[in-house]
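The values are calculated or read from the model by the stated rules, or taken from the named source; none is laboratory data. The shown structure was predicted, so the numbers you read here are calculated from the model rather than taken from an experiment. FYI the Cβ positions are ideal-geometry reconstructions off the backbone, even for glycines, and counts take in every protein chain you see.
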Amino acid sequence: MNDTLVIIPTYNEAHNIGRLMDKLFELKPNVDVLVIDDGSPDGTADVVKQKKAEYPERINLIERFGKQGLGTAYVEGFKFALGKDYLFICEMDADFSHDPKDLPSLIREVKDGKADVAIGSRYCKGISIVNWPLRRLFLSYGANLYARIITGLPIKDTTAGFKCIHRKVIEVLDLDRISSNGYAFQIEIHFRAWKAGFVLKEVSIIFREREEGVSKMSKSIVREAVWKVWSLKFRSLIGSL
């Protein structure tokens, strides 16, 4: 077993997940992978099982019934990582919007003690996004600006889902109190880690529109993020985070 685990939530990523794991296993330092699949009807879990035959010690799979959401997937993944004694725990999308080649830089920041949470950021050096429609870009940038203003978070990409987290951060967070389940989950993790006194550091990446499949963005996810930042701010003021 390696000391680093990459958690990848999936839903209908059969065209991507096998290729992604191949790319991850080419990297140094070596990483293990945990795929959490929400009952993908396209056979994503079957692809993972086939790949696991090639890498039995490095691939883990949790199959869940139905679409239970991003937040619950990561919470389950974090608990798995703690139970298996991983030191460095990473989040990553399955759709190649996050370049596997950027992962070692995030891991290095945490391993070298420069950060407790290293965040692959689309906005820390201007805007580093490729092939997004202008409307989606405005929505994302505006949402991050809004979240920063309300919460005071000292990072520009509050909704980033590409990161490396030191185990000690997750040990301190009360995972059972994390209630966000969409992109607000990322804001909540960043906010709770920051309020707990951990160091957050952004590392600039190039974010690319997914190569295969369909975006999971929805109006309900946006609505959750809008009210969640106020909830986090209020609860931090009254000491009930």
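Data overview
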quantity	calculated
Segment 151-169: number of residues that are surrounded by fewer than 20 Cβ atoms within 10 Å (Cβ to Cβ) and part of a helix (DSSP H, G or I)	2
Restricting segment 166-205 to residues that are among the basic types (Lys, Arg) and touching a strand residue (DSSP E or B) at 6+ places or on another chain (Cβ under 8 Å), the residue that is nearest to Arg108 (Cα to Cα)	Lys201
Test for Pro100: is it touching a residue at least 24 places away in the same chain (Cβ under 8 Å), more than 30 Å from Glu224 (Cα to Cα), of a type outside the set (D, E, K, R) and out of contact with any Cys (no Cβ under 9 Å at 6 or more places or on another chain)	no
Every pair of residues 6+ apart whose Cβ atoms lie under 7 Å, when the first sits in segment 104-120 and is farther than 17 Å from Thr159 by Cα while the second is among the hydroxyl-bearing types (Ser, Thr, Tyr)	Ile107/Thr4
Test: residue in segment 127-137 that is in contact (Cβ under 8 Å) with a residue 40 or more places away in the chain, among the hydroxyl-bearing types (Ser, Thr, Tyr) and crowded, with 22+ Cβ neighbours inside 10 Å	no
Number of the condition not met by Phe78 [criteria: (1) modelled with pLDDT of 95 or more; (2) within 30 Å of Arg177 (Cβ to Cβ); (3) in contact with a strand residue (DSSP E or B) (Cβ under 6 Å, 6 or more places away or on another chain)]	(3)
Members of segment 182-219 found to be in a loop (DSSP other than H, G, I, E, B), more than 24 Å from Leu237 (Cβ to Cβ), modelled with pLDDT under 95 and not hydroxyl-bearing (Ser, Thr, Tyr), listed by number	Glu209, Arg210, Glu211, Glu212, Gly213, Val214, Lys216, Met217
Some residue of segment 96-117 being of a type in the set (Phe, Trp, Tyr) and closer than 25 Å to Trp194 by Cβ	no
Search result, residues across segment 31-64 that are of a type outside the set (A, V, I, L, M) and in a strand (DSSP E or B)	Asp32, Asp37, Asn60, Glu63
Failed criterion for Arg108 (all others in (1) within 21 Å of Thr10 (Cα to Cα); (2) at pLDDT 95 or above; (3) surrounded by fewer than 17 Cβ atoms within 10 Å (Cβ to Cβ) hold)	(1)
Test: residue in segment 81-98 that is at pLDDT 95 or above, assigned to a helix (DSSP H, G or I), loosely packed, with under 14 Cβ neighbours inside 10 Å and out of contact with any Leu (no Cβ under 7 Å at 6 or more places or on another chain)	yes
